[in-house]
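The structure appears right after this line, and notes come after that.
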Amino acid sequence: MSRPIIAHIRLDAFRHNYRVAKQSHGGKALAVIKANAYGHGAVHCAKAIEGEADGFAVACLEEALQLREAGLPEPILLLEGFFEAIELPEIVANDLWIVVHAQWQIEILLAAKLAKPLHVWLKMDSGMHRVGLSPSEYGQAYERLKNHKNVANIVMMTHFANADNLSSNHTLQQIEIFHNATHGLGSETSLENSAAILGWKKAICIGDTKNQWTRPGIMLYGADPLMNTDTKLKPVMQLNSQIISIRTIKQGEPIGYGSIFTAERDTVVGVVACGYADGYPRSAVTGTPMAVEGKMTRLIGRVSMDMLFVDLTDIPNASIGSSVELWGNNVSANAVAISAGTIAYELFCNVKRAHFQYFDAANI
Ligand SMILES: *Cc1c(COP(=O)(O)O)cnc(C)c1O
């Protein structure tokens with residue numbers, strides 16, 4: 001092995017988090033494993049809940065085919081549906097479900113000659129204003145699709161813009177708009193991402209949850225989008241590297257590019273083999289938490305492409321080869337993300353050049 005950067009992936013933690021997501025709602029849960037399972041490895045994650053998951057959600061046909069090729073039989077939803085008519089035969093042949101979020105998709109779907117009807121998740125724009133049919137055109141679109149030979153079944157869905165903000169009433173407004181515009185149409189619905197499962201359950205779960213589908217993503221990877229620290233969720237990824245150089249910098253001396261950090265006291269500085277080319281955010285500021293040999297310390301100076309600096313002044317037993325945790329069990333990915341002005345989603349998706357090692361304590 002060359003560079004010592006390792007992403008340890010706990011598949012038992014992933015499975016545990018899926019169960020937390022599913023049980024806290026009570027309905028069915030599509031595990032969102034788009035973008036290679038938020039950087040964790042889509043096939044590994046899917047296999048960890050094979051036979052248990054109600055289904056999976058991915059961003060596009062290529063991501064779905066990767067799961068089918070790995071032999072996963074569960075339902076797979078394409079969250080953006082198809083981008084071109086030419087994808088439809090392959091979508092049908094692989095038994096994939098599609099989101100329909102725009103009028104142009106409806107026209108293509110209804111004009112197509114399909115070998116089998118498709119499962120459709122008809123998306124409403126209830127206030128996020130990204131994709132989805134407007135509430136006023138929703139009912140008519142639903143009726144057109146409902147009785148058409150190309151459509152097997154319709155789940156009515158929407159997506160929240162501010163579910164991670166418990167003090168905003170936008171989520172309640174979106175719920176009301178959705179319920180009003182779907183009233184009297186179908187019975188199957190899907191509203192919640194992770195933040196809504198964790199924060200808005202009471203407002204959404206009206207009546208029987210049997211026909212309700214949740215779409216948990218980030219919580220499956222152990223990061224709570226509401227930033228609660230007392231969470232039942234377990235971190236799935238632990239990103240580790242090693243110290244490759246140690247020096248003592250005199251008080252007043254600068255370190256690294258731009259000399260943005262100057263030692264406030266004589267400082268023992270460790271150089272870690274991890275940089276922004278590995279996915280560690282360059283925007284992380286001095287003070288971003290990090291752990292060396294299990295002890296909490298901090299990032300100092302500017303992150304470079306292949307290396308970064310860690311403060312070892314209070315960790316006298318640190319040495320060349322000491323293990324450094326960038327995030328994982330001791331260092332919360334949310335805390336690193338906040339220090340870098342981003343979100344845990346982006347940290348996970350950006351990990352590259354790391355050796356991925358999968359671990360699964362079976363039956364957990
Ligand atoms: C990505 C995505 C999700 C999952 O969101 P999280 O915030 O990661 O739980 C759910 N629904 C849709 C439509 C998405 O695109």
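Scanning segment 71-112 for residues that are surrounded by 15 or more Cβ atoms within 10 Å (Cβ to Cβ), of a type in the set (Asp, Glu) and at negative phi turns up Glu74, Glu80, Glu87. Applying the condition of being in contact (Cβ under 8 Å) with a residue 40 or more places away in the chain and of a type in the set (Gly, Ala, Ser) to segment 275-295 and asking which residue is nearest to Arg3 (Cα to Cα) yields Ala277. Answer with yes or no whether Asn153 is outside any strand (DSSP E or B), at pLDDT 95 or above and not small (Gly, Ala, Ser). Here the answer is no, as Asn153 does not meet what is asked. Within segment 146-171, the residues that satisfy the criterion of being touching a helix residue (DSSP H, G or I) at 6+ places or on another chain (Cβ under 6 Å), within 15 Å of the ligand (Cβ to nearest atom) and more than 14 Å from His129 (Cα to Cα) are Met156, Ala163, Asp164, Leu166. With respect to Ala141, is the statement that it is within 16 Å of the ligand (Cβ to nearest atom) and either assigned to a loop (DSSP other than H, G, I, E, B) or surrounded by 15 or more Cβ atoms within 10 Å (Cβ to Cβ) (or both) true? So Ala141 does not fit the description; no.
Of the residues making up segment 324-352, those that are away from the ligand (no atom under 16 Å from the Cβ) and open to solvent by 50 Å² or more (accessible area, probe 1.4 Å) are Asn329, Asn330, Ser332, Ile338, Gly341, Lys352. Just one of the listed residues (His129, His119) is part of a strand (DSSP E or B) and of a type outside the set (A, V, I, L, M, F, W, C), and it is His119. Here Arg298, Arg302, Arg247 are screened, and the one residue that is outside any strand (DSSP E or B), touching a residue at least 12 places away in the same chain (Cβ under 8 Å), charged (D, E, K, R) and at negative phi is Arg302.
For segment 33-52, the set of residues classified as more than 13 Å from the ligand (Cβ to nearest atom), surrounded by 22 or more Cβ atoms within 10 Å (Cβ to Cβ) and not in a helix (DSSP H, G or I) consists of Ile49 only. Can you confirm whether Gly127 is in contact with a helix residue (DSSP H, G or I) (Cβ under 6 Å, 6 or more places away or on another chain), without any contact (Cβ under 8 Å) to a residue 60 or more places away in the chain and either assigned by TED's automatic domain parsing to the domain that holds Leu198 or open to solvent by less than 40 Å² (accessible area, probe 1.4 Å) (or both)? Taking the combined requirement at face value, the residue satisfies it. Residues that are open to solvent by less than 20 Å² (accessible area, probe 1.4 Å) and more than 16 Å from the ligand (Cβ to nearest atom) occur at least once in segment 231-239.
Rundown of residues vs (1) surrounded by fewer than 17 Cβ atoms within 10 Å (Cβ to Cβ); (2) part of a helix (DSSP H, G or I); (3) away from the ligand (no atom under 14 Å from the Cβ); (4) assigned by TED's automatic domain parsing to the domain that holds Pro135, yes/no style:
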site: Gln173; (1), (2), (3), (4): yes, yes, yes, yes
site: Ala181; (1), (2), (3), (4): no, yes, yes, yes
site: Gly184; (1), (2), (3), (4): yes, no, yes, yes
site: Ile197; (1), (2), (3), (4): no, yes, no, yes
site: Lys210; (1), (2), (3), (4): yes, no, yes, yes
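Scanning segment 64-103 for residues that are more than 21 Å from Ala48 (Cα to Cα), more than 16 Å from the ligand (Cβ to nearest atom) and of a type in the set (A, V, I, L, M) returns Ala85, Ile86, Leu88, Ile91, Val92, Ala93. The conditions of being within 12 Å of the ligand (Cβ to nearest atom) and open to solvent by less than 60 Å² (accessible area, probe 1.4 Å) are met by Gly217.
The values are calculated or read from the model by the stated rules, or taken from the named source; none is laboratory data. A quick note: this is a predicted structure, and the numbers were derived from the prediction, not measured. Virtual Cβ from ideal backbone geometry, glycine too; neighbours counted across all protein chains shown. Surface areas here come from the heavy atoms of the whole protein model, side chains and all, with no ligands, DNA or RNA. Shrake-Rupley method; radii C 1.70, N 1.55, O 1.52, S 1.80 Å.
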